[in-house]
Each structure stands twice: as C-alpha cells, then as structure tokens.
Amino acid sequence: MRRRIAVVGSGPAGLTFARVLHRYDHPVAVLERDPAPDSRPPGGTLDLHEGLGQLALDKAGLLAEFQALSRPEGQAMRILDTDGTVLRDWRLRPDDRANPEIDRGQLRDLLLGPLDVQWGRGVAQVVPGTRDGVLVHFADGRQETFDLVVGADGAWSRTRPAVSSVTPHYTGVTSVETSLDDVDTRHPDLARLIGDGSVAVYGVNRALVAQRNSGGHVKVYAQFRAPLDWHTNLDLADVEAVRSSLLALFDGWAAPVLGLLHHSTAFVHRPLYVLPVSHTWTHVPGATLLGDAAHLMPPLGAGANLAMLEGAELAESIATAPGDLDEAVRAFEEQMWARASRWAKITTAGLERLVSPNPAEALALFDQVQPS
C-alpha cells in the first residue's frame, strides 16, 4: 500500500526528497507557501560537494544535468588584506569538479523537473498522532492528513514544533547581502578583483565577501559582529542610509574593496541564526525534519549539501523498505543526527574564526581547507 507522504518546503532538501521518491514512482505532496517558483529571489550560488550534494543528485538521476549547468571555475578563491594586498589566490586545478558552483535558481529548476508542487499552500501547524494520521493545518484553514510529514521548511520551520520545542538563536554575527549586475561590462575593475569565483577580505570582527553567480551577477556579503538590534536607528529600506552605515563600518579599507559596496544595489539584512550543535528529538511517529529545519548551522557551504543528501537518503529508505515506514524514518534520523552534529561543530568553529577579533584566524582556516 502506498503511504501518504508530504514534504513541507520546496528548497533543496524538499525537492531532492520528492525527486528521488518520484524516481521510484512513489507519490509525494510537495507543500510550498510561496505562490510560484519565481515569487522571490532564489538566493546566491551553492558549491555542491562530491560526497554530499552531488551524491544526492546522482541518487535523483540528475548528476549529468548538474554537471552541464555547474561552474567548476567558481571554486577559485582569492583572499585580500584590508589594504587590498592579495594574501592568497587559489586557482582552479585541471579537471577539479570536487565543489563546482551552481546558482540556487538553476538548482531549483533542475530539481523541480516533473514534480507537481502545490504552490501557495502555506502550512500553519503539523499535528501527529491523530486517528487518521498526521494532521496538517494550512494557513487558509484547510486540513489534510498524511502517514508521514517531512519538514524541509527551513530555519523557522512550522513543522519543527511537532517534534521539538527548540528554536534558533542568534550567533552574534549579522550579514547584509547586496549584489552587482553585469559586472564584467559595468564594473570591469571589480570583475577582475573578484576573479572567476570569489574574493574575501577579513578585518577585525568583520568581513566582505563577493561571489560570482552566472550571467555576470555577483552577490556581496558584509558580515560583522553586532547586537541583534544594531540597526535600531537605521531604516533598512533606505538604500543610501544602509550603504553609508556599512561604509562607516568598513572605514579605512582599500577603495577597490569598498567599491563592492559603493556600486551595489538593494541591501537585505540577514542576521545569522543557528540551532544547537547537537539538536536531536525524541522520535515522533509520522513526522521528521530535514536540512535547516533539523540542524540550522552557519552558512559555510555545508547546509544545502547535507539537506540534499538527507532528502535523497530518506526517500531511498522509504522507497526501498518493504516493512515499517516508522522504523525507516527512525533509522534515518539516527544517521542524520550523527553526521549533522559533526558538520555543525565544524561550521560553528569556522564562523568564530572567519568573523574574529584576529583576522589571521580566517586566513589560517582557509589554509587548512584549500589545496596547497
């Protein structure tokens, strides 16, 4: 008998889960609050690791299509001192496809493929243990029951309260995101500064990072330690006021580096939140979590990769386990918790070193993880 399965959220975790189940010809309801796939900007670029995100795409039968879309050259990385001196310049090695980049929007479209997402179906509450299964309350007042509801709905998950009372907490680091368009034509000096991949500059308790996306689009992230209410006297909708505030924060940095802020467009405030490093819960029949809903961690390249692999693994367990659905989910959770805890420790320590009172810590961290 086919189990009634729903996944909440159409991010990388939810779509990978649904796509692998689709490959096994198992129906799944994808519930997404956004009214359409392009109703809001999809975000920046992702580097998908060979043993994580790429493995998940292989399980979904999409690895070859990903390789055709991805940008291996995006792995290039340059680190500058605040005076503009080049401290490190890691170039792409021949045939290096360990962590190629892909725009989030391209990845979303690749995963969507034939999936029939229920757009505009915001979930308000998930209630396990009812007589007919897991009850999902929708924002529009409707209700529906399933045998399994998988929460892949991000940091502020509406599914998480069904299994855990834990909520994210602020790391003390804020990121303000902005962007540059048509950088090679409009800002050739900045294009050369960024190179084929990304450029990062680390100062005392602050950093500027610029990363190429496809089509000449560049995402810029200003990161700094500050109270959560640092912007109390600042109108975040006032582009020039935010720009002035950031330029004051990075005062004294090299003019070419500050050009990333001078020429950028709208600013988006993104304080960085995390869940506890070893977030687990007492297993609840009929409900579980993936990705940020389960283990929100600093955005240092692991989160989406883990989320996709988890989605693929859970889908495989469900599709190939002829026995107890609940036992398959329980075994998956144990595996997910152990791996996510390891990565949460790594990324938490990494954030401490990247936005640090001692900028040399950031350089030392990259020296550890970049090829010599």
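Observations on the structure shown:
- Scanning region 195-214 for residues that are under 19 Å from LEU92 (Cα atoms) and either at pLDDT 95 or above or under 19 Å from the mean Cα position of the chain (by Cα) (or both) yields GLY197, SER198, VAL199, ALA200, VAL209, ALA210, GLN211, ARG212, ASN213, SER214.
- Residue in region 63-73 that is in contact with a helix residue (DSSP H, G or I) (Cβ under 7 Å, 6 or more places away or on another chain) and in contact (Cβ under 8 Å) with a residue 60 or more places away in the chain present: no
- Search result, residues across region 108-126 that are open to solvent by 40 Å² or more (accessible area, probe 1.4 Å) and not polar (S, T, N, Q): ARG108, ASP109, GLY113, PRO114, ASP116, TRP119, GLY120, ALA124
- Filtered by the rule that a residue be touching a strand residue (DSSP E or B) at 6+ places or on another chain (Cβ under 8 Å) and not in a helix (DSSP H, G or I), region 45-76 gives THR45, LEU46, ASP47, LEU48, SER70, ARG71, ALA76.
- Test result for LEU309, at pLDDT 95 or above, buried (at least 16 other Cβ atoms within 10 Å of the Cβ) and in a helix (DSSP H, G or I): yes
- Residues in region 332-372 that are of a type in the set (Gly, Ala, Ser), modelled with pLDDT under 95 and under 30 Å from PHE17 (Cα atoms): 0 in all.
- Any hit, region 32-49, residues being under 25 Å from GLU316 (Cβ atoms) and of a type in the set (Gly, Ala, Ser): no
- Test for ARG40: is it part of a loop (DSSP other than H, G, I, E, B), modelled with pLDDT under 95, within 26 Å of LEU260 (Cβ to Cβ) and open to solvent by 30 Å² or more (accessible area, probe 1.4 Å): yes
- Residue check, PRO276 surrounded by fewer than 21 Cβ atoms within 10 Å (Cβ to Cβ) and either in contact (Cβ under 8 Å) with a residue 24 or more places away in the chain or not in a helix (DSSP H, G or I) (or both): yes
- The single condition from (1) assigned to a loop (DSSP other than H, G, I, E, B); (2) surrounded by 20 or more Cβ atoms within 10 Å (Cβ to Cβ) that ARG19 fails is (1).
- Single condition ILE5 does not satisfy, out of (1) at pLDDT 95 or above; (2) within 28 Å of PHE267 (Cβ to Cβ); (3) in contact with an Asp or Glu (Cβ under 7 Å, 6 or more places away or on another chain): (2)
- Boolean, LEU300 is at pLDDT below 95 and open to solvent by 10 Å² or more (accessible area, probe 1.4 Å): yes
- Number of the condition not met by ASP324 [criteria: (1) within 29 Å of ALA98 (Cα to Cα); (2) open to solvent by 50 Å² or more (accessible area, probe 1.4 Å); (3) free of Cβ contacts under 8 Å to residues at least 40 places away in the same chain]: (1)
- Of all residues making up region 111-163, the number that are within 24 Å of the chain's Cα centre (by Cα) and among the β-branched types (Val, Ile, Thr): 7
This table checks each residue for (1) of a type in the set (Gly, Ala, Ser); (2) touching a strand residue (DSSP E or B) at 6+ places or on another chain (Cβ under 6 Å).
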residue	(1), (2)
ARG93	no, no
ALA98	yes, no
GLY105	yes, no
GLN125	no, yes
GLY129	yes, no
VAL134	no, yes
ASP140	no, no
VAL149	no, yes
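The values are calculated or read from the model by the stated rules, or taken from the named source; none is laboratory data. Not measured: the values here are computed from a predicted model. Quick reminder, even Gly has a Cβ in these numbers, built from the backbone with ideal geometry, and neighbours come from all protein chains shown. Note: areas computed on protein heavy atoms with side chains; ligands, DNA, RNA excluded. Shrake-Rupley method; radii C 1.70, N 1.55, O 1.52, S 1.80 Å.
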